[in-house]
1. Could you grab the pairs with beta carbons closer than 8 Å, sequence gap of 6+ or different chains, first residue in the stretch 307-324 and in the same structural domain as Ala65 (by the TED database) and assigned to a helix (DSSP H, G or I), second one crowded, with 20+ Cβ neighbours inside 10 Å and charged (D, E, K, R)?
2. Going through the stretch 388-404 one residue at a time, which ones are of a type outside the set (Asp, Glu) and surrounded by 21 or more Cβ atoms within 10 Å (Cβ to Cβ)?
3. When the residues of the stretch 569-582 are filtered to those that are modelled with pLDDT of 90 or more and in contact with a Pro (Cβ under 8 Å, 6 or more places away or on another chain), which remaining residue is nearest to Asp709 (Cα to Cα)?
4. Test Phe365 against the criterion of being of a type outside the set (S, T, N, Q) and modelled with pLDDT of 80 or more, and give yes or no.
5. When the residues of the stretch 350-407 are narrowed to those that are without any contact (Cβ under 8 Å) to a residue 24 or more places away in the chain and in a strand (DSSP E or B), which ends up farthest from Ala465 (Cα to Cα)?
6. Under 8 Å by Cβ, and 6 or more places apart or on different chains, what pairs join a residue from the stretch 676-692 that is in the same structural domain as Val742 (by the TED database) with one that is of a type in the set (Phe, Trp, Tyr) and modelled with pLDDT of 90 or more?
7. Sort out which residues of the stretch 358-370 are touching a strand residue (DSSP E or B) at 6+ places or on another chain (Cβ under 9 Å) and surrounded by 19 or more Cβ atoms within 10 Å (Cβ to Cβ), and write them in order of number.
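The values are calculated or read from the model by the stated rules, or taken from the named source; none is laboratory data. No experiment lies behind these values; they were computed from the predicted model shown. Cβ coordinates were reconstructed from backbone atoms using ideal geometry, including for glycine residues, and neighbour counts include every protein chain displayed.
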Amino acid sequence: MELGRWMGSLHPALIHFPLVLLPLAVVLDLADLLRPNPRLAWASRLLLVPGMGLTLVAFVCGNFAELWAARSGIDQEALEQHEFLATVAAWAFMALTVWRILQRDAASRAARAVWAGAGAAASLLLVLAARHGGKLVYGHGAGVRSIPPLRPPTHDGLAALLQRQDAASIAYSDLMHHAFGWVVLALAALLAMDQVAPALAARLRRLGPLLFLAGGAALMVFSDQDAWPLFRVRPVRPITDKEVLLHKALALMMIAVGVRGLWLTCRRGAPAARKVNDRLVAAFALLGGALLFTHIHSAAPYANVAVGVYLHHTVLGIVALIVGGVKLWDDAARKPSRLRTAAFPALIALEAFFLIRYNEGLPWFLGYGNLLASPTRGGLAAPLGPHRAELVYRSDTGQLELFVTERGSPNPRPLPVDDIQVVVRVGDESTSLDLRGNPAGPGPHAHFAGPATFLRHAAMFQAQARARFDGREHVADFEPWVDPAMSARPPAGWTYLCPMHPAVGGPRPGRCPRCQMPLQPNRPPRPPGVLHDPGFSMELACAPARPVARQPALLRFTPRAGRTVAKLEVVHMAPLHLIVVSEDLSFFDHQHPRPAAGGAFEMSYAFPRGGRFVLYADVTPVGEANQVFRIPLEVDGPAPPREALRESPAEANYAQGLRVALAAAPLPLRAADEAVLEFALSENGLPVTDLEPYLGASGHCVILSEDTDQYLHSHPLEDPAPRNGPRIRFHTRFPRPGLYKVWAQFQRRGRVLTTAFVVRVASPRRFRL
């Protein structure tokens, strides 16, 4: 269970070696190109091989690090962007390394200049990938174990992690790998025949290239059927999904080797053609094997099989690299060796064996063969000794249940035990639970259950079950090796979701059982600047018609749905929240008009000064999404000079005897990205821990753009930490770049504290997957 975590922790250290060795190899080759020196060329090749090897190892460790980072709430898109850049850089150096090894010193000066230029570009790409990796740590908190995750996974992130590959597509993938394995086995047989029966092999010399050609054509056409039609996963999946690109790259290489081999067998004699063909196979094995180290789903991560698929292809990649290395060693050796010559087809046969035994999901060689991977109860499956265990969490009852079945079927398989110990991990915190046999009483039991209500506040968790039978202890791992366990999985048919907890919802209007917020229709988000849906309006009547500064004015708000008065939900202790700001955002007030006759809401309000004000009426009609109405208002009276909005000069403000610090993540804040704003309150250098609920929550956060067109009202994240301070976190998404003013409100000792910050939001990332 900890092996993957340990390997993931090595990634930041290992990546420093390729960052030094590979660019240095390019620099040495460039120096040799400008001033020829055999030692420089030799040193360049010497650095390329370990640099590329450590790149592959770092890539493997990086994928394990990504598994836990993604399941700890780190932004999925940021992870995929780093992975994409690293993959492209790795692919580039793979091709450059293989080309440099095969060509040795026979390349022309022009070809070497092209190599050096491509190497310089690949080095810059590698540095860019490393820079994005640093942002994942320092900006997003990836791999930081000393603090809890900054935020739960976003709705989009949960959707990505919840993707499942169905049984039909799993069977199709198995069939494709098995068929390809038989093709590779036939190629191994031809190579072995070349040693045992050379005369017969000479007559069949065209069969090898034809196998490559047919295999490449089949891989090009029949792989990744879920990408046809393309919009089934993403409109541009073949451009962004590395799995699809990798399959097509392997297919093109196979077709190229096949065409080249046919041309050589027709043009040259059998021995010469065979030697060239063997070198082509070696080149394909080196490059293809290295590419297999990067075989991991991106645009469609299929959480139930992603890790298993990667482990399978990493093993296939290791065998392929050994195949290519043995062949190059045999060609470079001065004396022939029967052992090396025989190892070439033997290793290719081993590759065929792994392909024929391939099973989509966790590998058979780790004990997962013949396991029914598809959950029959909507839970997570893992082997438990010779049996199969499925873990299910019932978020409605708070019960954690474990079902034991036969390994390859859903038929119950009772165990002679009365309870099973389960260790649950949420983030970096673990908890031990005992699941009792159901029904209660002495065993054997095939169903175990126990309360785990604390998991209702977890977006996801991992678990490990332990049971002692047949004279020894058996372990079932329910973690990213298999699948992340979700505390609540929104059915596709849910039409209402909680705005604060996207995993909570239902088929009809209601209230969230966690935060009591009304469930809202599950609809696509509105475009930036659109604050309410068509058909809803808010009428404002003022008495007097033009308010005068410092004099009470009666404000009457009437919410309407079409021609009728809209019935409103009570959200955070009020049906209507009114935000009053001056046009330059120097003044802020948060009020709650009282219900009046005819479904209207009234309040008497004295504006502090003259000038232009903007009112935001924030309401939630029953059974509908939140609606906000922006209402400009002119107030008579002397108006002070307009204040220019400037970014806050410090990370903290001091007001009412309290220091309030704002920490935003990730940095820099960018438009369209998920963000968390954390406020830390202290008094006289000590943390404030006696905050009181304000309007039913630990705080409120209102955000307005400089032009007052963008309005965001954020509520606190549900956090395992105490709700009375000192840290309160809010989740938001800035719709567009620019300056924003952020007001946070808290209550302490009966008084409301309002603090304000101005933050700058950068443009969206230009490179988006």
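1. Partner pairs satisfying both residue conditions: none exist.
2. Arg388, Ala389, Leu391, Tyr393, Leu400, Leu402, Phe403, Val404
3. Leu578
4. Judged against the criteria, Phe365 is not a match.
5. Arg394
6. That search, which allows pairs on different chains as well, returns Phe679/Phe746; Leu681/Phe746; Leu691/Phe746.
7. Leu362, Tyr368
Per-residue answers, yes or no, for (1) of a type in the set (Asp, Glu); (2) buried (at least 23 other Cβ atoms within 10 Å of the Cβ); (3) in contact (Cβ under 8 Å) with a residue 12 or more places away in the chain:
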{"site": "Pro36", "(1), (2), (3)": "no, no, no"}
{"site": "Ala41", "(1), (2), (3)": "no, no, yes"}
{"site": "Val49", "(1), (2), (3)": "no, no, yes"}
{"site": "Gly53", "(1), (2), (3)": "no, no, no"}
{"site": "Val57", "(1), (2), (3)": "no, no, yes"}
{"site": "Asn63", "(1), (2), (3)": "no, yes, yes"}
{"site": "Glu66", "(1), (2), (3)": "yes, yes, yes"}
{"site": "Ile74", "(1), (2), (3)": "no, yes, yes"}
